[in-house]
Amino acid sequence: MITFDRVSKTYHGRNLTRHVLHDASFAIRPGQALGICGANGAGKSTLLRLIAGVEHPSSGVIRRGMTVSWPIGYSHCFQGSLTGADNTRFIARIYRQPVDRLLAFVEEFAELGEYFNQPVKTYSAGMMARLAFGVSLAIDFDCYLVDEVTGAGDQRFAERCHAALAHRRSARTLVMVSHSPATLQQYCTTGAVLHEGQLNFYPTIDEAIEVHHAQQRLAA
């Protein structure tokens, strides 16, 4: 289980204070498939990074009783002068995974060909996405975090991402943010809406989507 206990996240800039999350307390349970809705800039990606531990809360406590992926497709962990294969080896060692198994999975999934052994600073955005998704999906986590992962790459690659996520969804916990209602409905059963620093939960993803759309109409 992952629990948030009175968690807040605030960013301070020049003449600007932004409250992404305010005093949130909730739990994500094993086997749950949670879809999170919210407007652009509401803080959905920040929320995923808080769950993953990539960012720390301004106040409150986050407890993780299960292994959690980084947000799938997150590519900022790569070192540009290293090859795709070397970056994969490095991540395998960090997570104490069999190096050969991870290399084989990523090479097959990402289909980078000879570029797998070239520095990632030479990659196009699409190639970087392929590597990031391949490495993200190569490791078995209890909980997978997904941030618009299926929206990148060509149609064939998007279909491969769909299939891989569906396989993991059947046996793992999933937390997904997406601007596509159809994508959320495909993977998620329960829902939440992030709005003005408040995260409100709903028993079905359809209800969460309906509330989100109603808020968008009011804002317009």
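Any read-out appearing in this document is the output of simple, stated calculations on the displayed coordinates, not a laboratory observation. Note that the coordinates shown come from a computational prediction; the quantities given were computed from them, not determined experimentally. Here Cβ is always computed from backbone atoms with ideal geometry, including for glycine, and neighbour counts include all displayed protein chains.
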(request) Would you mind working out the magnitude of the charge dipole of the chain relative to its Cα centre, with +1 at each Lys and Arg C-beta and -1 at each Asp and Glu C-beta, to the nearest 20 Debye? (result) 520 debye
(request) Between the alpha-carbon centers of segment 49-90 and segment 129-147, tell me the distance in whole angstrom. (result) 10 Å
(request) Sticking to Cα atoms, compute the Rg of segment 101-220 to one decimal and its Dmax as the biggest Cα-Cα distance, whole number, in Å. (result) 16.8, 51
(message) Placing unit charges on C-beta atoms (Lys and Arg positive, Asp and Glu negative, everything else neutral), compute the dipole magnitude of segment 47-120 about its Cα centre in debye, rounded to 20.
(response) 540 debye
(request) May I ask you to give the average projected area over all directions of the convex hull of the Cα atoms of the chain, in nm² rounded to one decimal? (result) 13.0 nm²
(request) Rank by packing, highest mean first: peptides 8-18, 131-141, 115-125, 45-55, with packing defined as the count of other Cβ atoms within 10 Å averaged across residues. (result) 131-141, 45-55, 115-125, 8-18
(request) Taking every Cα atom in segment 171-213, find the radius of gyration and the maximum pairwise distance Dmax, and write them in Å. (result) 10.0, 33
(message) Just to confirm a number: summing +1 for Lys and Arg and -1 for Asp and Glu over residues other than T67 whose beta-carbon lies under 14 angstrom from that of T67, what do you get?
(response) +3
(message) Given the options V20, I209, G31, identify the residue whose Cα lies farthest towards the positive end of the charge dipole of the chain (+1 on Cβ of Lys, Arg; -1 on Cβ of Asp, Glu).
(response) V20
(message) Let me understand segment 75-140 better: what is its radius of gyration from the alpha carbons, and its Dmax, in angstrom?
(response) 10.3, 29
(message) For a quick check: sort I72, I91 by the number of other beta carbons within 10 angstrom, fewest at the front.
(response) I91, I72
(request) Report, in cubic angstrom per residue, the convex hull volume of the C-alpha atoms of segment 30-112. (result) 165 Å³
